[in-house]
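Enquirer: Have a look at the structure that comes next, please.
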Amino acid sequence: MNKFISTLLILFVLGGLVVGAKFFLTPKNVGINVQEERAKGNPNAKVKIVEFVDFQCPACAYGITYLKKFFDQHPNDLYIQVKYFPLTNMHRHAMISALYSECAARQGKFWALDDLMIPQQSQWEQLISPEPVFQSMATQVGINVDQLNTCLASDDARKVINDEKSLGQSLGIASTPTYFINNKMVVGTKSLQDELKTYFPGS
Amino acid sequence: MYVILRIIIGSIFLVSSLGKLLSPYQNFLYVIQAYQLLPSRGEVLTAQVFPWIELIVGVFVLLGLWTPWALRGALVLFGVFVVVVGQALIRALPLESCGCFGEWIHLKPQVVIIMDSLSLLLTFVMLRNLSSVKKFSLDLLFDHV
């Protein structure tokens, strides 16, 4: 067979194999259930954002802070919900911070705890155990400590977190923060800013 | 020995490209953004196109098809890697992993720049010994037909 034709054939087969594999590996639709206690904004907003975060990840802290400011400027045009994606192999407090957040969410205090936990990330991430700090934050925002501790000891909260991480992995998430803006995947705060500019020119 | 080298170099590109291509391109885009070298559009274009170039170069080197051109391509790619990772190290950019192999293999930039420099050197040596490199290659098969 002619070398040029063989080359074209190899390229064609190669391309077909990769495109085929991508087609079968890529989820067809982002089937994400809304967790009301970790959502805020207008449910009918034109821009719906799902953020997969690790509370110990510095880039996530930056992203959460950026999105909070952006939300304050456009409260009726955004609907934001948070999903857990703790990178436990990289961040030793990733799971415990997610657990406190989930247990706070069950008392309707997710955002209140988030507002304390994120700005202080650089301090508590250095501690051997950040739990005394989280307990103190929980008290500050009016969380019932007995209920909190029962929740922390249960397997249920951990299961929710692990299930959301599995969902994220099935969606192709590899790093945090990863966002789905109207179902379009966006990784990192720079891409988040670029994508939001397409919906809110000039902001 | 040169045939084994050819297979190793080809496999490096093959694994590296598949690690990126089989994951959403946004993950590689995030890696590229960390190097702070390109404008936004350039970053998106690179994230979408670069893994395909790696794949083609890798398969051609592995099979020994258009070997001189494939090796020149590999030489350019390794050169690009050395420059990109080198500038990140000089600027002390906060990179936890080089991101070169997608999500499959995580290597520190300090390790990967040594690997890339060595691969660059080996590819150059292969280009100087093309007749040995072409053993068990498709090029040899086609040349005999």
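Enquirer: Between A:Asn162 and B:Ile53, what is the label-point separation in nm under the 7 Å Cα-to-beta-carbon projection?
Expert: The modelled label-to-label distance comes out at 4.3 nm.
Enquirer: Now for a separate question. What is the calculated FRET efficiency for A:Asn2 to B:Arg128, with r their C-beta to C-beta distance and R₀ = 22 Å, to the nearest 0.05?
Expert: Details: r = 29 Å, r/R0 = 1.33.
Efficiency for this residue pair is about 0.15.
Enquirer: Here's something else I'd like to know. From the square roots a ≥ b ≥ c of the eigenvalues of the alpha-carbon gyration tensor of the protein assembly as shown, which class results: rounded (a/c under 1.5), prolate (a/b over b/c), or oblate?
Expert: Working: a/c = 2.58, a/b = 2.20, b/c = 1.17.
Cα axes put the protein assembly as shown in the prolate bin.
Enquirer: As a test, work out the antiparallel percent of DSSP beta bridges whose residues both lie in segment A:36-199, rounded to the nearest 5.
Expert: DSSP beta bridges in segment A:36-199 are roughly 60 percent antiparallel.
Enquirer: Loop-only trypsin sites (Lys or Arg not before Pro) in segment A:33-101, please: DSSP not H, G, I, E or B, and at most 11 other Cβ atoms within 10 Å.
Expert: Working: sites: A:Arg38, A:Lys40, A:Lys46, A:Lys48, A:Lys68, A:Lys69, A:Lys83, A:Arg92; in loops: A:Lys46, A:Arg92.
Answer by residue number: there is no such site.
Enquirer: With chain A treated as a Gaussian network of Cα nodes joined by springs under 10 Å, which of A:Leu99, A:Leu14, A:Leu25 yields the largest mean-square fluctuation?
Expert: Greatest mean-square fluctuation among the candidates belongs to A:Leu14.
Enquirer: If you take the Cα Rg of segment B:2-144 and divide it by 2.2 N^0.38 Å, with N the number of residues, what do you get? Walk me through the numbers on the way to the answer.
Expert: Values: Rg = 15.5 Å, N = 143, 2.2 N^0.38 = 14.5 Å.
Compactness ratio reported: 1.07.
Enquirer: Between A:Lys68 and B:Ala92, what is the label-point separation in nm under the 7 Å Cα-to-beta-carbon projection?
Expert: The answer from the label model is 2.9 nm.
Enquirer: Of all beta bridges DSSP finds with both residues in the protein assembly as shown, what is the antiparallel percent, to the nearest 5? Please list the in-between numbers first.
Expert: Working: 12 of 19 bridges.
Approximately 65 percent, going by the DSSP bridge assignments.
Enquirer: Could you work out the helix-only [θ] at 222 nm for chain B, with each DSSP H run of four or more residues adding -39,500 (n - 2.57) and the total divided by the number of residues, to the nearest 500 deg cm²/dmol? All intermediate terms of the calculation are to be shown ahead of the outcome.
Expert: On the way: 7 runs with 109 residues, N = 145.
Estimated from H runs of four or more residues: -25000 deg cm²/dmol.
Enquirer: Tell me, what is the FRET efficiency for A:Gln120 and B:Lys108 to the nearest 0.05, using R0 = 51 angstrom and their Cβ-Cβ distance as r? Provide the component values of the computation, followed by the final result.
Expert: Values: r = 29 Å, r/R0 = 0.57.
About 0.95, to the nearest 0.05.
Enquirer: Report the label-to-label distance for A:Gln147 and A:Asp194 in nanometres (one decimal), using points 7 Å from each Cα along the Cα→Cβ vector.
Expert: About 4.3 nm, to one decimal.
Enquirer: Additional query: Compute the distance from the alpha-carbon center of segment B:21-36 to that of segment B:75-145, in whole Å.
Expert: Between the Cα centres of segment B:21-36 and segment B:75-145 lies a distance of 19 Å.
Bear in mind that the values in this text are calculations on the coordinates, not laboratory data. Everything numeric here is computed off the predicted structure, so don't read it as measured data. Positions of Cβ are generated from backbone atoms using ideal geometry, with glycine treated the same way; all protein chains shown enter the neighbour counts.
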